[in-house]
1. Based on this model, can you work out whether Ile45 counts as touching a helix residue (DSSP H, G or I) at 6+ places or on another chain (Cβ under 9 Å), modelled with pLDDT of 95 or more and open to solvent by less than 20 Å² (accessible area, probe 1.4 Å)?
2. I need a count of the residues in region 297-309 that are open to solvent by 20 Å² or more (accessible area, probe 1.4 Å) and small (Gly, Ala, Ser).
3. Out of everything in region 73-84 that is touching a residue at least 24 places away in the same chain (Cβ under 8 Å), hydrophobic (A, V, I, L, M, F, W, C) and open to solvent by 10 Å² or more (accessible area, probe 1.4 Å), what residue ends up being nearest to Val36 (Cα to Cα)?
4. Could you grab me the full set of residues in region 46-63 that are in contact with a strand residue (DSSP E or B) (Cβ under 7 Å, 6 or more places away or on another chain) and aliphatic (A, V, I, L, M)?
5. Any residue at all in region 5-23 that's within 20 Å of Leu151 (Cα to Cα) and either over 21 Å from the mean Cα position of the chain (by Cα) or open to solvent by 10 Å² or more (accessible area, probe 1.4 Å) (or both)?
6. Run Val87 past the list (1) open to solvent by 20 Å² or more (accessible area, probe 1.4 Å); (2) under 20 Å from Leu300 (Cβ atoms); (3) touching a helix residue (DSSP H, G or I) at 6+ places or on another chain (Cβ under 8 Å) and report the number of the one that doesn't hold.
7. Could you check how many residues of region 310-337 are touching a Gly at 6+ places or on another chain (Cβ under 7 Å), open to solvent by 20 Å² or more (accessible area, probe 1.4 Å) and assigned to a loop (DSSP other than H, G, I, E, B)?
Amino acid sequence: MGILSLITGKPGASGFGSGSTAEQVTEGISAAGLTVLVTGGSSGIGLETSRVFALRGAHVIIAARNTEASEARKRIMEIHPLARVDVLKLDLSSLKSVRAFADQFNSMNLPLNILINNAGVMFCPFQLSEDEVEMQFATNHLGHFLLTNLLLDNMKTTAKSTGIEGRIVNLSSVAHLHTYPKGILFDQLNDKKMYVFLWLFRRKSNIDSTANNVFFFIGRYNDKMAYGQSKLANILHAKELSRRLKEEGANITVNCVHPGLIMTNLMRHSFALMKAIQVVTYLFWKNVPQGAATTCYVGLNPQLKGVTGKYFADCNEEKTSKHAKSDVLAKQLWEFSEELIRSAK
């Protein structure tokens, strides 16, 4: 979209831009009869996404790990008394919790039309999940990867029986551009210290002319790059899942979105830093209704019927990094994620 469009809110090809709100991009569109599941739907842009889907008539399921979820439902019901909103507990950093949630949801015999993988953590200090996986990767990618797989049969059945296209939306970020040189550190994912191979060459002599390689320590865990890694994983997950569903002929699309810069609880681990950045970049920041717009546009707007495997920002398709375009990396991540889940059982 470009910096000028971001600042001015100038609409792109879709007719919407950075200044558009979630209500504006869904105006006149009915979600009646649809069931929408929003992870992390109890605060920030997740709450606004839940509210707007409920406003459009959808049955909204808020999946959240904290006690704010019930309060979120109450707030939505106060604004829209006829809304259908339910709350279920989900901790995406725990694969056990993800499985329990999926079992509970599937036992409710509800259809599932739209899955919004919205929840996440950002720039948190180094920590391993209960499954021994780096926390940002565990919460932002692996939990959503397993959740999506466990709900996929329901979505396929719903799409087939109703004839209505199912949609999966992964919330990624422009931060996917700022990750490790290899994109995903498959071999060092859970390391607090990062290492690389450096080559040292000995001066040639009659005795020994061989080179020595040294395993060399270069630094500690980088919470910013780890976050970028998890956001790259969101795009690669959507890319590979989209390919598999197309190959299967399933009537489900999978896309990714960058919501923009919004000051929400997501930034609690780096609040001072982000406030300082906001002071000098205030023109680029959005409010919460604007931040939820791209998610709601990709999740509900009929303009995107049949569109899959794409990345959107400011309600328009955007380019991604070289790593995010890699089919090889997407397949490698899929297999790696499956192995992590198997080993955690």
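1. Working: touching a helix residue (DSSP H, G or I) at 6+ places or on another chain (Cβ under 9 Å): yes; modelled with pLDDT of 95 or more: yes; open to solvent by less than 20 Å² (accessible area, probe 1.4 Å): no.
For Ile45, the condition - touching a helix residue (DSSP H, G or I) at 6+ places or on another chain (Cβ under 9 Å), modelled with pLDDT of 95 or more and open to solvent by less than 20 Å² (accessible area, probe 1.4 Å) - is not met.
2. So the answer is 2.
3. Checked region 73-84; the qualifying residue nearest to Val36 (Cα to Cα) is Ala83.
4. Within region 46-63, the first condition is being in contact with a strand residue (DSSP E or B) (Cβ under 7 Å, 6 or more places away or on another chain), and the residues that meet it are 46, 49-50, 53-54, 58-63.
Passing the criteria: Ala54, Ala58, Val60, Ile61, Ile62, Ala63.
5. Taking region 5-23 and keeping what is within 20 Å of Leu151 (Cα to Cα), we get none.
The answer is no; no qualifying residue exists.
6. With (1) open to solvent by 20 Å² or more (accessible area, probe 1.4 Å); (2) under 20 Å from Leu300 (Cβ atoms); (3) touching a helix residue (DSSP H, G or I) at 6+ places or on another chain (Cβ under 8 Å) applied to Val87, the lone miss is (2).
7. 0
Residue-wise test of (1) at pLDDT 95 or above; (2) more than 30 Å from Phe16 (Cα to Cα); (3) surrounded by 18 or more Cβ atoms within 10 Å (Cβ to Cβ); (4) in contact with an Asp or Glu (Cβ under 8 Å, 6 or more places away or on another chain).
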residue: Arg220; (1), (2), (3), (4): no, yes, no, no
residue: Gly228; (1), (2), (3), (4): yes, no, yes, no
residue: Met267; (1), (2), (3), (4): no, no, yes, no
residue: Thr295; (1), (2), (3), (4): yes, no, yes, no
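The values are calculated or read from the model by the stated rules, or taken from the named source; none is laboratory data. Treat the numbers as computed from the prediction; the structure is a model and nothing was measured. Note that we place each Cβ from the backbone using ideal geometry, even for glycine, and neighbour counts take in every protein chain shown. In case anyone asks, the SASA skips ligands and DNA or RNA and just uses the protein heavy atoms, side chains included. Shrake-Rupley method; radii C 1.70, N 1.55, O 1.52, S 1.80 Å.
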